[in-house]
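What follows is a set of notes on a single structure, which appears directly below.
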Number of protein chains: 2
Amino acid sequence: MGDLPDRISLREVGPRDGLQNEAPVPTDDKVELIDALSRTGVSRIEAVSFVHPKAIPQMADADEVWRRAEKADDVRYSALVPNLRGALRALDAGFTEIEVVVSASDTHNRKNVNRSTEESLDDIARLIAEAHERGATVQAIVSTAWGCPYEGDIPTERVVSVASRAVADGADAVSFGDTTGMATPARVTRLVGEFRSRNPETPLNLHFHNTRGTGLANVYAALQLGVDDFDASVGGLGGCPYAPGASGNIASEELVHMLEDMGIATGVDLDALIEVAARAERMVGHKLPSQVLRAGPRTRLTPA
Amino acid sequence: MGDLPDRISLREVGPRDGLQNEAPVPTDDKVELIDALSRTGVSRIEAVSFVHPKAIPQMADADEVWRRAEKADDVRYSALVPNLRGALRALDAGFTEIEVVVSASDTHNRKNVNRSTEESLDDIARLIAEAHERGATVQAIVSTAWGCPYEGDIPTERVVSVASRAVADGADAVSFGDTTGMATPARVTRLVGEFRSRNPETPLNLHFHNTRGTGLANVYAALQLGVDDFDASVGGLGGCPYAPGASGNIASEELVHMLEDMGIATGVDLDALIEVAARAERMVGHKLPSQVLRAGPRTRLTPA
């Protein structure tokens, strides 16, 4: 176990990736969720996305949400964008951390942003230049990295190529997204290894979904490779648009619970996070998939 | 990845551990479930338990269930018992594989079988002798191996001692049960390592619960230690009596799905197993926690 990182950085994506895949909630609730998360000890929050409101009405109020959210000094906030136009909105709103998403699967990219992967990469090159000029950093998120719901498996070489192109164009960091929960530990080991051998210096985040139950197993595989940067969503907020009723993002409480028990620091107050998960559950009005929200941490005993 | 086993043996525990933690279902349904599972390729089924019907009314019809179940030639069936008295019933019913359960936690053992762990171990020694005389094998299941809902953490040394006592008394195999889902990969690595160093030749099964989301991560940790024998429950049937609404056993489909994708054979036809999980869900009349039941395998694509 000596090889595992001592601490990881958790990026909380509930307010964006979570709420984007739920029925729309009021602006007040979004602000409340971000503010509550900012007080849990979490060091990074993906706050909003700047996307076309017709495509994703859940994020139509991104400007207002961000204006009203408390910006805690000890939290880094980021915005997700699909293209240069979205990035300009995010930069105008004051974000200094931009995540831009591109699918390794051409079919998924066309469905998602109505252009080929290649066209997205050209746009991302311009986006990176613009963001850097304005003092912001850019993380390239390669989605469908472990498989596409339309195309199936995407060759690892293709996924690494897409990521490496963004790195060559100046991306400050890369994230691999398991968009529909198709990753298993062996696939995680393979992709991370091949990416690292081509881009040994690039900061790498992994974004797992628990759609098929493998979320934390994938995290454990990645930890063994030294990966120390993970996305997760409070309560497991979100879901999978391709599989109604199935889970989406791994739950932040489950990630924090497992890692802290293994002596890997997250900086997060687990009890406070569970309280926010319960609040998120009331917000969306249905049971969230987080097991730790349901069962409590392993230290919560039953009176004999 | 070269160190992982090429194949594992899955023991399906849905008919016993699953149904024991659900509202009682009719005898016909239990027989149907065992028979359906016998046709999925699964090599072992924990069919029933012989316990006092007042303690566990769900298993009061164990004799009839077992009499009526088809006994497939290529499936090994076992019965779980809490003590010698239960073992005698199982042997009389014709079982040749007995599992006897004892808690590493004294408090849990007293709650479960109304005697101390030490008293159970004495009884198990007699049980093993009796079973061996009648040509049956005995697996000692040490429950609360990674923590007890009443006592909290149980020292690894204590868990290994309880298991080693049963081995010294002739147990043919050992299983460690994560009764309320308190295991994490670091704890799995520690307990398996310490048990193996004292009992290098004893066959070892692991029985994980997904109560806090760590089930498959624990499996992945165990695979890396060469463990190749796991329990799982179809659909994730069961639940956790200590945490209403939380998951119990890891779902067989999730285990098979992850392992087969990693090139580790299970012998199980995943599609057939998912069909049985759907049937089990109708049987108990509520949504089961299996994610693969919900989302389907990763190879199930969405039309573009």
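The values are calculated or read from the model by the stated rules, or taken from the named source; none is laboratory data. Computed from a predicted model, the values in this text were never measured in an experiment. Neighbour counts run over all protein chains shown; Cβ positions are idealised from the backbone, glycine included. Areas reflect the complete protein model, heavy atoms only, side chains present, ligands, DNA and RNA absent. Shrake-Rupley method; radii C 1.70, N 1.55, O 1.52, S 1.80 Å.
Here A:VAL102 fulfils each of the conditions (1) touching a residue at least 60 places away in the same chain (Cβ under 8 Å); (2) part of a strand (DSSP E or B); (3) over 17 Å from A:ARG126 (Cβ atoms) apart from (3).
Restricting attention to segment A:232-249 and to residues that are more than 8 Å from chain B (Cβ to nearest Cβ) and closer than 25 Å to B:LEU259 by Cβ, the residue that is modelled with the lowest pLDDT turns out to be A:GLY248. Taken over segment A:284-304, the residue count meeting the criterion of being crowded, with 23+ Cβ neighbours inside 10 Å and more than 11 Å from chain B (Cβ to nearest Cβ) is 1. Of all residues in segment B:89-110, those satisfying the criterion of being of a type outside the set (Asp, Glu), open to solvent by less than 60 Å² (accessible area, probe 1.4 Å) and more than 14 Å from chain A (Cβ to nearest Cβ) are B:ALA90, B:LEU91, B:ALA93, B:GLY94, B:PHE95, B:ILE98, B:VAL100, B:VAL101, B:VAL102, B:ALA104.
For A:LEU259, indicate whether it is within 18 Å of A:VAL42 (Cβ to Cβ), within 11 Å of another protein chain (Cβ to nearest Cβ) and out of contact with any Gly (no Cβ under 8 Å at 6 or more places or on another chain). So A:LEU259 passes the test. The condition of being open to solvent by less than 10 Å² (accessible area, probe 1.4 Å), more than 7 Å from chain A (Cβ to nearest Cβ) and either out of contact with any Pro (no Cβ under 6 Å at 6 or more places or on another chain) or of a type in the set (A, V, I, L, M) (or both) holds for only one of B:ALA222, B:ALA217, that being B:ALA222. In this entry, A:VAL113 is excluded by the filter for residues that are closer than 30 Å to B:GLY296 by Cα and open to solvent by less than 10 Å² (accessible area, probe 1.4 Å). Going by what's in this entry, would A:PRO244 be described as open to solvent by 20 Å² or more (accessible area, probe 1.4 Å) and either assigned to a helix (DSSP H, G or I) or without any contact (Cβ under 8 Å) to a residue 60 or more places away in the chain (or both)? Criteria met by A:PRO244. Checking A:ALA60, A:ALA47, A:ALA69 one by one, the residue that is farther than 27 Å from A:PRO203 by Cα and surrounded by 21 or more Cβ atoms within 10 Å (Cβ to Cβ) is A:ALA69 and no other. Residue count for segment B:109-134 under the criterion of being at pLDDT 95 or above and touching a helix residue (DSSP H, G or I) at 6+ places or on another chain (Cβ under 9 Å): the result is 18.
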